[in-house]
Amino acid sequence: MTTTHERREEIVRLTTSEGTATVGELAHHFGVTPSTIRRDLAVLGARGRIARTYGGALGVVAHPESSLAQRMVEAAEEKRAIARWVASQIRPGESILLDAGSTVAAVAQELRSARGIRVACVGLTSLDQLADVDGIELDCLGGRVRPLSRSLIGPLTEASLERMTFDRAFLGADGVNAREGICEADLEQTRLKELMARRAGRVYVLAHGAKLGTRPFHAWARLPLPWTLVTGASATPSAVGEFAAAGVDVVVAG
């Protein structure tokens, strides 16, 4: 029989390797009652070993999240190529939704010459870049500022989105997987991305080649087909093939 210490260490290992686990799954795995597991999760959560979720636990992030400033200089040319392709697709009269993130910020920079479009943003950097452009009707979706990503999140942001629709939504990603969808650092971000995708006629995920197939964190946004992956020249044929095989449209910009 495992001791309490051994069981709790195994819970940490399971949530780290699997990403998430429910109380019921853990109770069945260890042959103990759900109330015992809830006590274990309460202790482990208080110690910062796992993150509590409704009905279970989430593995603590194994990789530190980079700041937006750090990400702005990563794969910069590839992101510019993606941004140029995106800007070429947008037509006058369209309403578009821009996520936060460095690649989406590059899109906002390309859109400074656009005219006759409406843009809604959840990224502060994109808002800064487009605020003085006369030919763009700019909407700022309210919410709580997430300093590390310079993004707006939370119930106020979600409430604004529920009252709007868009022709196209352009989403960023910390990682993107053909089966799982978009990987982000926390569940609040992924919930917002799922809502953004539901409010748009066409959905695009912008991710340079190094992000394809990666799982840096344990929070995921599931995207219903069809959606389009826009990636860059560093994307390998095998990585692109995985997305195409899963029914995702793929564009390799540049």
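Nothing in this text is a laboratory measurement; each read-out follows from the coordinates by a stated rule. Remember, predicted model here, so these are calculated numbers, not experimental data. Positions of Cβ are generated from backbone atoms using ideal geometry, with glycine treated the same way; all protein chains shown enter the neighbour counts.
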Cα-based Rg then Dmax for region 34-141, in Å, read 20.1, 60
Across 10 Å bins beginning at 0, the whole-percent shares of Cα-Cα pair distances in region 61-115 come to 22, 48, 22, 7, 1
The alpha-carbon pair-distance distribution computed for region 4-59, with 5 angstrom bins and whole-percent values, is 4, 23, 40, 26, 6
Expected unfolding gain across Met164-Arg47 under the 0.36 nm per residue rule, minus the alpha-carbon gap, is 38.0 nm
Amide H proximity to Thr20 below 5 Å, modelled H, separation 5+ or other chain, gives Gly59
Computed Rg/Rh for region 73-219 (Cα atoms; Rh = Kirkwood radius) stands at 0.93
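Please give the FRET efficiency for Ala245 paired with Gln109, using the beta carbon to beta carbon distance and R0 = 30 Å, rounded to the nearest 0.05.
For R0 = 30 Å, the calculated efficiency reads 0.35.
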Quick note, the chain: a/c under 1.5 would make it rounded; otherwise a/b > b/c is prolate and the rest oblate (a ≥ b ≥ c, C-alpha gyration tensor); here it is prolate
Simple spin-label estimate for Leu156/Arg198, 7 Å along Cα→Cβ, in nm, reads 2.2 nm
Label model pair Thr3, Thr214: point-to-point distance (7 angstrom along the Cα→beta-carbon line) in nm is 4.0 nm
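For the chain, what is the mean residue ellipticity at 222 nm derived from helices alone (per DSSP H run of n ≥ 4: -39500 (n - 2.57); sum divided by total residues; nearest 500 deg cm²/dmol)?
-11500 deg cm²/dmol
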Counted neighbours (other Cβ, 10 Å), sorted fewest up, put Val252, Val107, Val23 in the order Val252, Val23, Val107
